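Student: Sending over a structure as structure tokens; questions will come in a sec.
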Amino acid sequence: MPDTVLWFRRDLRLADHPALHAAAQAADGGRVLALFVLDDRLLNASGAPRVRWLLRSLQALRAATDGALVVRHGNPANVLPDVARELGAASVHVTADAGPYGRGRDEAVERALEVPLVRTGTPYAVGPGSVTKGDGTPYQVFTPFSKAWTAHGWPAPAGDPPPGLRWARTVDSADLPAEPDLDGVELPDVGERAALQRWREFRDDALDRYADDRDRPDLDGTSQLSAHLKYGEIHPRTLLADLAGRRSKGAQTFRSELCWREFYADVLWHHPESAREYLRPEYARLGYDEPGDGFDAWREGRTGYPFVDAGMRQLRATGWMHNRVRMVTASFLVKDLHVEWQHGARHFLRWLRDGDLASNNHGWQWVAGSGTDAAPYFRVFNPVGQGLRFDPDGAYVRRWVPELAHLHGAAAHEPWEHDDGYAHDYPRRIVDHAEERAEALRRYESVRRR
Ligand SMILES: Cc1cc2nc3c(=O)[nH]c(=O)nc-3n(C[C@H](O)[C@H](O)[C@H](O)COP(=O)(O)OP(=O)(O)OC[C@H]3O[C@@H](n4cnc5c(N)ncnc54)[C@H](O)[C@@H]3O)c2cc1C
């Protein structure tokens, strides 16, 4: 009977796994080898929180396969042919990768293999590249994309692992490497079981309030599923199937947020260069400042703007930042400090546990005005006004900025208004927001006129 290989990548789960079903079916009663390849190209590009998340997720997957997961270290274009030969495999199965590096890597592996590489499914409900306008061109704007995405639809979840599945245990595995030092970052529970548990808690306790609470960083109002989704510990199809019978505004808004993830993956699929370059090239000419002391203050959460500093410190303490605060901190870097978005995007990818090229770099481009749906460049977030609006009692700021913990209520957002505002050495504002806003608009106008 032919054995097959299931090469895990961003699909570190056993339930709702179409490629696992395809591997078992092709084995036709034979065994499936569960394989993960530690690829230095990806490991070196990932920050410590993501590497630790990955290693813990692999531990969970190894336990879920009763120890059968084989881990190898090396270039997949060398490792896969070796493993397939050692096993005598008839085929290698994967969930298709839609990212620029993954697509190229898979083509190289396919060329190197003597047996077929079979792609089944993607990490998305609708595969990137599948939804296009009537004339075949890609969508550049979210709302029409989301309508076409809904109309396209997606299959039902693939259910439990195939009955009678037998794991191959005849190929040697390397040990998992030691976990990197996280310099104080605390991660939540990792793995498929933790992902499902988090989803169920959120679904039962917070989903109905999501439309109202999702913009409030002082509340536990969002799912915190992003890193679980990033590593495929849960598939969006599972979430969408659960949402299908729910009519609440919260459920609808949550579905729409999942669609943003799919939209950005689609944009990156069509424009792989947009991971690094401006989607709207005219923004490259805007005139930016080199990252200097202001950039360091931003990274370290000491800009003197409490909402910005709280976000940057939340990032360093947890490897996660609330979406509203991601937008405000990103805007502060690009429009108050006039630093190009790529510098900020790299810092986020270094520290975010959910760091994802499509969602991160297009989130940054959206804020910078150079991406899809461009938030008009002249709409500059006011870091104080945003704090007062979305953290009205100052609880979020007090949680992450201890130098302001003595200020009550909304006072935490404006220490300069209080005699004891700087009693605990909170830094003074490094720039004047009104002046820098005007400067950002001047630079923008100069590009528009050209
Ligand atoms: C500058 C910037 C950088 C970002 N970087 C990343 C990143 O590296 N990785 C990442 O997953 N998301 C990123 N986002 C999007 C968003 O901030 C996070 O997905 C969200 O905060 C994750 O928390 P959650 O799981 O509690 O979200 P929830 O509010 O519970 O949303 C559910 C899921 O929907 C998806 N989602 C929600 N909002 C967005 C969005 N704006 N864009 C794309 N997908 C979304 C995520 O998969 C999320 O887990 C970024 C946004 C900005 C503005």
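The values are calculated or read from the model by the stated rules, or taken from the named source; none is laboratory data. Nothing here was measured: the structure is a model prediction, and the numbers come from that model. Using ideal geometry, Cβ is built from the backbone for each residue, glycine included, and neighbour counts are taken over all protein chains shown. Quick note on the areas: whole protein, heavy atoms, side chains included, nothing else; ligands and nucleic acids left out. Shrake-Rupley method; radii C 1.70, N 1.55, O 1.52, S 1.80 Å.
Student: Between Asp97, Asp208, Asp181, find the one with the highest GNM mean-square fluctuation for the chain; connect C-alpha pairs within less than 10 Å.
Tutor: Residue with maximal mean-square fluctuation among Asp97, Asp208, Asp181: Asp181.
Student: Taking segment 59-129 on its own, what percent of its Cα-Cα pair distances exceed 15 Å?
Tutor: Working: 1529 of 2485 pairs.
More than 15 Å apart: 62 percent of the Cα pairs in segment 59-129.
Student: Below 8 Å between Cα atoms, with a sequence gap of 6+, how large is the relative contact order for the chain in percent?
Tutor: For the chain, the relative contact order is 17 percent.
Student: Taking Rh as the Kirkwood radius, which is the inverse of the mean 1/r over Cα pairs, what is the Rg/Rh value for segment 132-191?
Tutor: My calculation of the ratio gives 1.21.
Student: Restricting to DSSP H runs of at least four residues, report the calculated mean residue ellipticity at 222 nm for the chain, -39500 (n - 2.57) per run over all residues, nearest 500 deg cm²/dmol. Numbers along the way, then the final one.
Tutor: Working: 19 runs with 206 residues, N = 450.
Calculated from helices alone, the mean residue ellipticity at 222 nm is -14000 deg cm²/dmol.
Student: Between the helical axis of 76-87 and the dominant principal axis of the chain, each derived from Cα atoms, what acute angle in degrees is found, rounded to the nearest 10?
Tutor: 30 degrees
Student: State the percent of C-alpha pairs, over all pairs in segment 252-339, separated by a distance greater than 15 angstrom.
Tutor: Summing the P(r) tail past 15 Å for segment 252-339 gives 69 percent.
Student: Next question. Could you tell me the largest-minus-smallest coordinate of the C-alpha atoms of segment 166-236 on each of the three principal axes, in descending order and whole angstroms?
Tutor: On the principal axes, segment 166-236 reaches 52, 36, 15 Å in Cα extent.
Student: Taking the dipole about the Cα centre of segment 281-449, with the C-beta of Lys and Arg at +1 and of Asp and Glu at -1, give me whichever of Asn323, Gly387, Gly421 is farthest to the positive side.
Tutor: The Cα lying farthest towards the positive end belongs to Asn323.
Student: In segment 348-395, which trypsin sites (Lys or Arg not before Pro) fall in coil by DSSP and have 15 or fewer other Cβ atoms within 10 Å?
Tutor: For trypsin sites (Lys or Arg not before Pro) across segment 348-395 that sit outside H, G, I, E and B with at most 15 neighbouring Cβ atoms in 10 Å, the list reads Arg379.
Student: Here's a follow-up. For the pair Arg448 and Asp289, what calculated FRET efficiency results from E = 1/(1 + (r/R0)^6), where r is the Cβ-Cβ distance and R0 = 22 Å, to the nearest 0.05?
Tutor: Numbers: r = 20 Å, r/R0 = 0.89.
Computed FRET efficiency for Asp289 and Arg448: 0.65.
Student: While we're here: Across every pair of different alpha-carbon atoms, what Kirkwood hydrodynamic radius in Å does segment 111-227 reach?
Tutor: For segment 111-227, inverting the mean 1/r across all distinct Cα pairs yields 19.6 Å.
Student: Once R0 is set to 45 Å, what does the formula 1/(1 + (r/R0)^6) return for the Cβ-Cβ distance between Glu300 and Ala108, expressed as a FRET efficiency to the nearest 0.05?
Tutor: Once the sixth-power term is evaluated, E becomes 0.70.
Student: In addition: Could you work out the per residue convex hull volume over the alpha carbons of segment 281-449, in cubic angstrom?
Tutor: Spelled out: Cα convex hull of segment 281-449, divided by residues, is 101 Å³.
Student: Using mean Cβ contacts within 10 Å as the protection proxy, how do 329-336, 246-253, 358-365 order, highest first?
Tutor: Those peptides, ordered most packed to least, come out 329-336, 358-365, 246-253.
Student: Sticking with this one: Roughly how many Å² is the accessible area per residue of the chain, as a whole number, for a 1.4 Å probe?
Tutor: Heavy-atom SASA per residue in the chain reads 43 Å².
Student: Let me ask something else. Please give the solvent-accessible surface of Arg429 in Å², to the nearest 10, using a probe radius of 1.4 Å with every protein chain present.
Tutor: 100 Å²
Student: Further, regarding this structure: Go ahead and run the numbers for FRET between Glu277 and His152, Cβ-Cβ distance against an R0 of 25 Å, rounding to 0.05.
Tutor: 0.30
Student: Next up: Quick one: what Rg and Dmax do you get for the chain from the alpha carbons, in Å?
Tutor: Cα only, the chain: 23.2, 79 Å (Rg, Dmax).
Student: Assign unit charges at the C-beta atoms only (+1 for Lys and Arg, -1 for Asp and Glu), then state the dipole size of the chain relative to its Cα centre in Debye, rounded to the nearest 20.
Tutor: 1060 debye
Student: Next question, about the same structure. Give me the percent of the accessible area of segment 350-450 that comes from carbon and sulfur atoms, probe 1.4 Å, all protein chains in place. Provide the component values of the computation, followed by the final result.
Tutor: Working: 2320 of 4880 Å².
Of all accessible area on segment 350-450, carbon and sulfur atoms account for 48 percent.
Student: If you don't mind, there's one more thing I want to ask. Quick check on segment 4-121: what are the equivalent-ellipsoid semi-axes from the Cα gyration tensor, as sqrt(5λ), descending, whole Å?
Tutor: Output for segment 4-121: semi-axes of 21, 17, 13 Å.
Student: Still on this structure, please answer the following. Straight-line reach from Lys133: which aspartates and glutamates have a Cα under 17 Å away, not including same-chain ones fewer than 8 places off?
Tutor: Cα-Cα hits under 17 Å: Glu262, Asp266, Asp373.
Student: What longest region of the chain stays clear of GluC sites (Glu not before Pro) that DSSP places outside H, G, I, E and B and that have at most 13 other Cβ atoms within 10 Å?
Tutor: Answer from the scan: 187-450.
Student: Can you find, among Gly371, Gly301, Leu207, the residue farthest towards the positive end of the dipole of the chain? Put +1 on the C-beta of Lys and Arg, -1 on that of Asp and Glu.
Tutor: Gly371
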